[in-house]
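Enquirer: Take this structure, written in structure tokens, and hold onto it; I'll ask about it next.
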Amino acid sequence: MLVFAYDGSLNGDWIAHYAVRFALATATRQLHLLHVYERAPAPELEGRIARIDDECRRLGVTLFTEVRDSRGAAIADGVLDALTDAPDLVLITGTRARPRNLSYLNDTVAAQLLARAPCAVLALHVVHPAMLGQPGHVLLPFTMAEAPSRAALPLLRLLAPELHEVHVLVVQELSRLRFRMLGTRTARRLIEGALVRASAIEALLREALAGSDCHLDVSAAVSDDSAKETLAVAGRLRSRLIGIDAGGLPTHPGYGHPIEQILRDSASDVVLYRAAP
């Protein structure tokens, strides 16, 4: 079951393209749009939802809509209260379109849902709305500090019908001082270790891509800045979507948090994913 927490904004319209495409990958081809408002719904809300419904109809997706009052509670609480305990529930939301106080996530509904939702969560940051939720080429970066997890599987299953290439990057991150003093032999050893980790993640992800024509590739790097390395690889590969495991993300990430860095500087769309707890 897919639930799209729609905020009624232009940014929400861009994220809706992804939500509709995700629904196409499900057995039921259904999308549940949830809008929680404070005080009163925006006057243009009905027209915006109608346009999303039109897109659903064109693609053969059934849209269910729920508009509810937050009743004085925070928007995130209103969204969480509306969720059911349906199996395999995936909640789709969005980050800020533009930073506020230099942050895309700090004190946002997306950060709250990533931290508290009882289901898998996908939080999207759209840079290229004309792509209409069809990225095709996806980069999944990891660091050696992260254990291989199944958190990316729901995302890949939803993207699979239109995926052409998934690239797994594993970065061995070092302190700036240690990186500057790094010798060739040690660098080679660290790269080999990161490639072993990348191969383990690749084997795990193939489960979600079974039966797909998608090409799955891996690489490894040593860096003193994992966010910078991720952006460099995304640019080199011309990745159109960067998928980042946001498990354990704080609700108030600072300006220098790697995810904030990627959101701020990425030329690609970004999706933050988190598995069900």
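Bear in mind that the values in this text are calculations on the coordinates, not laboratory data. What you see is a predicted model; the values in this text were computed from it and never measured. For neighbour counting, all protein chains shown are included, and Cβ atoms are generated from backbone atoms with ideal geometry for every residue, glycine included.
Enquirer: Rg(Cα) of region 176-216 divided by 2.2 N^0.38 Å?
Expert: Values: Rg = 15.4 Å, N = 41, 2.2 N^0.38 = 9.0 Å.
Relative to the 2.2 N^0.38 Å estimate, region 176-216 comes out at 1.71.
Enquirer: Report, to the nearest 10°, how far helix 10-24 tilts away from the longest principal axis of the Cα atoms in the chain, using its own Cα long axis and a range of 0 to 90°.
Expert: 80 degrees
Enquirer: Follow-up. Running Debye on region 136-239 with equal point scatterers at the Cα sites and no solvent, what base-10 log of I(q)/I(0) appears at q = 0.15, 0.20, 0.21 Å⁻¹?
Expert: The Cα Debye sum returns log10 ratios of -0.61, -1.00, -1.07.
Enquirer: Quote the FRET efficiency, to the nearest 0.05, computed for Thr184 versus Asp77 with a Förster distance R0 of 45 Å and r equal to the Cβ-Cβ distance.
Expert: Values: r = 54 Å, r/R0 = 1.20.
Computed FRET efficiency for Thr184 and Asp77: 0.25.
Enquirer: For the chain, modelled as a Gaussian network with Cα springs under 10 Å, which listed residue fluctuates most, Ala76, Ala200, Ala123?
Expert: Of Ala76, Ala200, Ala123, the Gaussian network model singles out Ala200 as fluctuating most.
Enquirer: Right, another one. What is the projected area of the convex hull of the Cα atoms of the chain, averaged over all directions, in nm²? Walk me through the intermediate numbers first.
Expert: Details: hull surface 58.2 nm².
For the chain, averaging the hull's shadow over all directions gives 14.6 nm².
Enquirer: Of Ala115, Ala86, Ala227, which is farthest towards the positive pole of the chain's charge dipole, taken about the Cα centre with +1 and -1 on the beta-carbons of Lys, Arg and Asp, Glu respectively?
Expert: The one lying farthest along the dipole's positive direction is Ala227.
Enquirer: Could you state the angle between the C-alpha long axis of helix 226-237 and the longest principal axis of the C-alpha atoms of the chain, as a value from 0 to 90 degrees rounded to the nearest 10?
Expert: Once rounded, one gets 80 degrees.
Enquirer: Is the shape of region 1-159 rounded, prolate or oblate, going by the alpha carbon gyration tensor and its root eigenvalues a ≥ b ≥ c, with a/c under 1.5 for rounded and a/b larger than b/c for prolate?
Expert: Details: a/c = 1.38, a/b = 1.14, b/c = 1.20.
Note, shape of region 1-159 comes out rounded.
Enquirer: Shifting gears a bit: For the chain, modelled as a GNM with alpha-carbon contacts under 10 angstrom, which of Gly94, Gly243, Gly136 fluctuates the most?
Expert: Gly136
Enquirer: Pick from Asp81, Asp53, Asp224: which is most flexible by mean-square fluctuation in a GNM of the chain where alpha carbon atoms under 10 Å apart are linked?
Expert: Asp81
Enquirer: Okay, moving on. How big is the gap, in Å, between the Cα center of region 162-189 and the Cα center of region 232-272?
Expert: Cα centroid of region 162-189 versus Cα centroid of region 232-272: 17 Å apart.
Enquirer: What number in nm² do you get for region 1-65 if you take the convex hull of its Cα atoms and divide its surface by four? If you can, show how the numbers build up before the last one.
Expert: On the way: hull surface 15.9 nm².
Computing the convex hull of the Cα atoms and averaging its projections yields 4.0 nm².
Enquirer: Also: Indicate, rounded to the nearest 5 percent, the antiparallel portion of the DSSP beta bridges found entirely in the chain.
Expert: Antiparallel bridges: around 10 percent, rounded to the nearest 5.
Enquirer: Follow-up. Determine the gain in length on full extension of the stretch Ala232-Val127; use 0.36 nm per residue of separation and subtract their C-alpha separation, reporting nm with one decimal.
Expert: Numbers: separation 105, 0.36 × 105 = 37.80 nm, distance 1.66 nm.
That pair, Ala232 and Val127, stretches by 36.1 nm at full extension.
Enquirer: A further question on this structure: How much length is gained if the chain between Leu102 and Leu177 is pulled fully straight, taking 0.36 nm per residue apart and subtracting their Cα-Cα distance, in nm to one decimal? It would help to have the intermediate numbers written out before the result.
Expert: Working: separation 75, 0.36 × 75 = 27.00 nm, distance 2.75 nm.
Full extension of this stretch gives 24.3 nm more.
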